[in-house]
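Chemist: My questions all concern the structure below.
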Amino acid sequence: MHISTFNAFKSRNYRLYFSGQSISLIGTWMQKTAVSWVVYSETHSKFMLGLTLFASMFPSFIFSFLGGVASDRYNRYKLLLITQFASMGQAILLTLLIFFRHYSVWEIIALSALLGLINAFDVPARQSLVYEMVDDKADLPNALALNSSMVNLSRLIGPGIAGIALEKFGEDICFGLNAVSFIAVIGSLLLMKLPRYLEKPRTKNVFGELKEGFQYIKQTPSIAFVLIMLALISLLVLPFSTLIPVYAKDIFKGTASTFGVIDSVIGLGAFCGAIFLASLKPGRNLRKILATNTLIFGAGLVLFSHTTYYPIALVFATISGFGMMSQITISNTLIQTTVDPAMRGRVISFYAMAFFGMQPLGGLLIGTLSQWIGTPDTVMAQGIITLIIGFSLFCFLRKDEAQKLKAEQEV
C-alpha cells in the first residue's frame, strides 16, 4: 500500500523548511499564549484581549497587499530571510521588556503590532515559496496539508509548554525561548538550494500590480468564493480563541496551565484535521470536505459554549479544532492549486488579508459582544453562524454542480 501522507518530504528543500519552521512555530505559540496571559492578568479585561489580537493582526490586514506585490516582484527567499530576522528582533525586544519588569500593557501591544507588520510581508513570501520548495508540483496539496499539521502540532505543544513555563519560571522564559527558536528556521533557510532567482521585468507600478491582482480574483469566481467564505469565518468565528482565557480563568476556575491545555486540545483537533487532509488521495472533492468540516466546526463550538464540565469541554474544543483546520488549509490548497503562478504572491496576500485581516476586527467585535451578552452566549452565536456558512456552502456546491451538468447536456 502506498502511503501518500508524507509525499512532500521527498523534496530536500521542503524537508529543511519543515524541520526549521516546526521549532520556530512552537516558540511562536509560546509567545502568543504568554502575551494573552500577561495582558489578561494585568487588566482582567476581555476587551484588552480583543485589542491585543487586533494589534497583532491588523497591520497584516493593512499591509499584506504590499507584501503580496513584494513577493511577486522581488526574490521571495531573501524577503523571507529578512522577515525571519526581523521577527527574531521583535522577540528579543519583548523578552527584554518582560525581563526587566518595567513594562505597560501598551508596550506589549505596540510590539504585537510590529510583529503584525512583519507578518504582512512574511506570509505571502513564505506561502509562495513553498511552491518552489516542492520538486514534484503534484505534491503541493500534500505539502500545504503538512504545513498545517506543523502549525497545529506546534499549537498543540507550544501553549502546553507555555502554561508550565508561565507557572514554574515566569513570562520572560516563554518570550526568550521564542527568540532562540528563530535560529532553527533561519538556519534551515540558509541550507536550502533553490533555483536561481530570475528578475522579472516590471511594466506596472505597485498600485497597477495590486489592481491586476484584484481583477484576476474578480474574473476567477472559484477563488473569489473561497476568499469570501474565509473572510466571513475569520471575522465572525475564529476570534473565539480570544475568549479562551475567560473560560480558563472564570468558567473553569483554572490557572495558566488550564489555559494552555484548552489551547492545546484545540491544536490537537486541528492537527488531526491536518493529518486527515494530508492523507487524502489526489482528486478528492475538497469543496465538499470543506463544507462538511465547516458543519463539524460549528457543532463543536455550539456544544463547547455552555459546557461547564471541564473534561467534556475539552472534547468539544478538540472537535472545534478539527473542523476549524479545514477552513484554513483547504482554502489555501484550492487557491494555490488553481492560481496563475504570476499572480501567486498577490492572490496569497488577499488570502492573508481574509484570514489575518478579518480576525482582529472580529476580535474587537467578539470582545465587545461578550461584554454585553456573556462569553458562553457569544461562542454559541459563533457556532450557529458557522453552521449557516456550512449549509450555504453545500447550497453553492449543489448549484455549481447543476450548472456544470446543464452545460454538459447542452454540449
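Chemist: Under 9 Å between Cβ atoms, which residue pairs at least 6 apart in sequence (or on different chains) link something in the range 45-65 that is in contact (Cβ under 8 Å) with a residue 40 or more places away in the chain and under 18 Å from Lys249 (Cα atoms) with a partner that is open to solvent by 30 Å² or more (accessible area, probe 1.4 Å) and acidic (Asp, Glu)?
Modeler: As it stands, the answer is Met48/Glu42, since those pairs meet every condition given.
Chemist: Ok, one more. So, in the range 1-44, exactly how many residues are over 12 Å from Ala143 (Cβ atoms), open to solvent by less than 40 Å² (accessible area, probe 1.4 Å) and not polar (S, T, N, Q)?
Modeler: So the answer is 12.
Listed here are the residues, each with its yes/no results for (1) over 23 Å from Val69 (Cα atoms); (2) under 17 Å from the mean Cα position of the chain (by Cα); (3) crowded, with 22+ Cβ neighbours inside 10 Å.
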| site | (1), (2), (3) |
| --- | --- |
| Leu94 | yes, no, yes |
| Val105 | yes, no, no |
| Ile109 | yes, no, no |
| Val123 | no, yes, yes |
| Leu146 | yes, yes, yes |
| Asn152 | yes, yes, yes |
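Chemist: Moving to a separate point now. When residues of the range 185-204 are filtered for being open to solvent by 40 Å² or more (accessible area, probe 1.4 Å) and modelled with pLDDT of 70 or more, how many remain?
Modeler: Adding up the residues that qualify gives 6.
Chemist: Please find, among Val246, Val265, Val315, Val261, the residue that is part of a helix (DSSP H, G or I), touching a Lys or Arg at 6+ places or on another chain (Cβ under 7 Å) and more than 30 Å from Ser222 (Cβ to Cβ).
Modeler: Sole residue among the options that is part of a helix (DSSP H, G or I), touching a Lys or Arg at 6+ places or on another chain (Cβ under 7 Å) and more than 30 Å from Ser222 (Cβ to Cβ): Val246.
Chemist: Kindly evaluate Gly116 against the criterion of being closer than 21 Å to Ile23 by Cβ, in contact (Cβ under 8 Å) with a residue 40 or more places away in the chain and open to solvent by less than 40 Å² (accessible area, probe 1.4 Å).
Modeler: no
Chemist: Name the residues in the range 298-323 that are among the hydroxyl-bearing types (Ser, Thr, Tyr), open to solvent by less than 10 Å² (accessible area, probe 1.4 Å) and more than 20 Å from the chain's Cα centre (by Cα), would you?
Modeler: Within the range 298-323, just Ser305 meets the criteria.
Chemist: So Ala402 passes all but one of these: (1) among the small types (Gly, Ala, Ser); (2) open to solvent by 50 Å² or more (accessible area, probe 1.4 Å); (3) in contact with a helix residue (DSSP H, G or I) (Cβ under 7 Å, 6 or more places away or on another chain). Which condition number does it fail?
Modeler: (3)
Chemist: Inspect the range 155-173 for any residue being at pLDDT 85 or above, surrounded by 15 or more Cβ atoms within 10 Å (Cβ to Cβ), part of a helix (DSSP H, G or I) and within 21 Å of the chain's Cα centre (by Cα) and give the result as yes or no.
Modeler: Checking the range 155-173: at least one residue is at pLDDT 85 or above, surrounded by 15 or more Cβ atoms within 10 Å (Cβ to Cβ), part of a helix (DSSP H, G or I) and within 21 Å of the chain's Cα centre (by Cα).
Chemist: Out of the range 78-106, which residues are out of contact with any Phe, Trp or Tyr (no Cβ under 7 Å at 6 or more places or on another chain) and at pLDDT below 90?
Modeler: Residues satisfying the conditions are Phe99, Phe100, Arg101, His102, Tyr103, Ser104, Val105, Trp106.
Chemist: Under 7 Å between Cβ atoms, at least 6 apart or on separate chains: pull out the pairs that start in the range 357-379 with a residue that is over 15 Å from Phe54 (Cβ atoms) and end on any residue that is among the aliphatic types (A, V, I, L, M).
Modeler: Thr375/Leu243; Thr375/Val246; Thr378/Leu243; Thr378/Ile366; Thr378/Leu369; Val379/Leu243; Val379/Leu301
The values are calculated or read from the model by the stated rules, or taken from the named source; none is laboratory data. These numbers were taken from a predicted model, which means no experiment stands behind them. As a convention, Cβ positions derive from the backbone with ideal geometry for all residues, glycine included, and neighbour counts pool all protein chains shown. All accessible areas refer to the heavy atoms of the entire protein, side chains included, with ligands and DNA or RNA removed. Shrake-Rupley method; radii C 1.70, N 1.55, O 1.52, S 1.80 Å.
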